[in-house]
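Q: Quick one: this structure, given as structure tokens, is what I'll be asking you about.
Just so it is clear, none of the values below were taken in a lab; they were calculated from the coordinates. Predicted model only: the values in this text are computed from it and were never measured.
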2 protein chains.
Amino acid sequence: MATAKPTSSKASAAGGDQGQAANLRLTRRDHARETSEDYAEAIAGLIAEKGEARVVDLAKRLGVTHVTVNRTIARMQKAGYVSTQPYRAIFLTEPGRALAQDCKSRHDTVVAFLRSLGISEQAAEKDAEGIEHHVSPETLAAFKAALKPAGRSV
Amino acid sequence: MATAKPTSSKASAAGGDQGQAANLRLTRRDHARETSEDYAEAIAGLIAEKGEARVVDLAKRLGVTHVTVNRTIARMQKAGYVSTQPYRAIFLTEPGRALAQDCKSRHDTVVAFLRSLGISEQAAEKDAEGIEHHVSPETLAAFKAALKPAGRSV
DNA sequence: TTCATAATGTACCATATGCTACATTAGGTT
DNA sequence: AACCTAATGTAGCATATGGTACATTATGAA
């Protein structure tokens, strides 16, 4: 009976359980990556603002304790995104800088797009934090296109 | 170190930190809720399609093993969203049904909105899975408004 | 009724995220 | 130099999510 009764357009589009399963699986598997992206973006921001990123500043900005920051930074260092030494500041490696830049670009696009819909700055920023990690290149392109109907090609 | 006195560049960033910190904190704290939402939606779908939701079907649809489903269902039962008995099917409670309905509505709105931007059905479905949990009421309303430029006030 | 198999449950492991409490280090002050 | 304090590090706990391996139950077939 699992013969996928046409639940609106969902079943036909996703190919039933298989399709949706893949979507959800990917969504969940990427939580760690999302964290790394948030950290990379925050580190880049701090470096831009004050020249270096300290654990305590990251904790403040990310809304977690310094302990959580410490562990995440350790993981990111193992993954090659940051470099740091005990009791020293945290710096981005090349891959880390690329990650941060990519994230900031996406973040800004999402915020600008939401703002263009008339959404308040507060809500746009808040929603963008959650949404920016889930926009595919195709959707991001559509957002950009909607922002530049005139034709600036950037 | 850093007696926190020279708040030259910090002052301007301080207010920003607070706001962003709150955004990120909320985003992360809600991962468990997102899971419950996905499960509620999947259970509702299975009940609609086959009359009952079994662990094995949920596992297939959500792309995880039956063990993961089992544990999550236990948590959701404790939270009052579902009711079930050993070796029996899973049913939604009233709060569970409300949650599922709310999620499906949001999901459909997000998909429709993305589709209206010209995004493919596959990408729209995939992105919606990740985005639907992060759209505020304000943004959701904006999506709906963009879908109904004629003026039907919902 | 017996039995084979699928479904479900349980035990145990791993990672990621978050915390509190406490230990250690760095840097400026005295 | 000694000292104080903020910053950093570490130990241990908790929850959520994911898994494999194995035990148990349900259920239809023989």
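Q: Using 30 Å as the Cα-Cα cut-off, could you pick out the over-long pairs in A:Lys50/B:Lys126; A:Lys104/B:Lys144; A:Lys60/B:Lys78; A:Lys144/B:Lys50?
A: Violating the 30 Å limit, Cα to Cα: A:Lys50/B:Lys126; A:Lys60/B:Lys78; A:Lys144/B:Lys50.
Q: Please compute, over every Cα-Cα pair in the stretch B:102-147, the percentage with a separation greater than 18 angstrom.
A: 16
Q: Now for a different question. At 0.36 nm per residue, and after removing the present C-alpha to C-alpha distance, how many nm does the segment from A:Phe91 to A:Val56 gain when stretched out fully?
A: Result for the pair: 11.2 nm of gain on full extension.
Q: Report P(r) for the stretch A:31-97: all Cα-Cα distances, bin width 10 Å, range 0 to the bin holding the largest distance, values in whole percent.
A: Using 10 Å bins, I get a P(r) of 23, 65, 12 for the stretch A:31-97.
Q: Further question: Expressed as a rounded percentage, what relative contact order does the stretch A:103-147 have, with Cα pairs under 8 Å and six or more residues apart?
A: 55
Q: Semi-axes, largest first, in whole Å: what does sqrt of 5 times each Cα gyration tensor eigenvalue give for the stretch B:22-154?
A: They are 29, 16, 14 Å, listed from largest to smallest.
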